[in-house]
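The values are calculated or read from the model by the stated rules, or taken from the named source; none is laboratory data. These numbers come from a predicted model, not from an experiment. Keep in mind that these areas ignore ligands, DNA and RNA; they rest on the heavy atoms of the full protein, side chains included. Shrake-Rupley method; radii C 1.70, N 1.55, O 1.52, S 1.80 Å.
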Amino acid sequence: GWRGRDGKRRWQALDREMEVEAWHDGRAHVMLAVTVRRPEHTYADDAWSARVVFTIEAGEEFATLAKEIISLLQT
C-alpha cells in the first residue's frame, strides 16, 4: 500500500541464495533491499554475500518498477 505498513516484508529463496526485503519510511519512500549469496555454499567458511538497498518514491514510481519487474520475470 502507498501509505506503508509497519515492519518489513521479506522473501527468501529456499536455498538462501537470494533475499528481498521491503519497508516504508512512513513518508514518501519505499526501501527495497536485495541480497545475493554464494550459490550452493551459503554456510561455507568462504561464503560471500552482496547487498544493495534501493530507495524508491512510493506511488507511481514504485508501481512502474513493480510492473517492470513482473514483466522481466515472466519472460
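Do you know which residues across region 9-23 are within 8 Å of the chain's Cα centre (by Cα) and open to solvent by 60 Å² or more (accessible area, probe 1.4 Å)? If the condition is that a residue be within 8 Å of the chain's Cα centre (by Cα) and open to solvent by 60 Å² or more (accessible area, probe 1.4 Å), then ARG10, TRP11 are the ones that fit.
Scanning for something assigned to a helix (DSSP H, G or I), at negative phi and open to solvent by 80 Å² or more (accessible area, probe 1.4 Å), does region 44-65 turn up at least one residue? Yes, there is a match, as at least one residue in region 44-65 is assigned to a helix (DSSP H, G or I), at negative phi and open to solvent by 80 Å² or more (accessible area, probe 1.4 Å).
Hey, among the residues in region 24-36 that are farther than 10 Å from THR55 by Cα and at pLDDT 90 or above, which one's nearest to the chain's Cα centre (by Cα)? The residue in question is VAL34.
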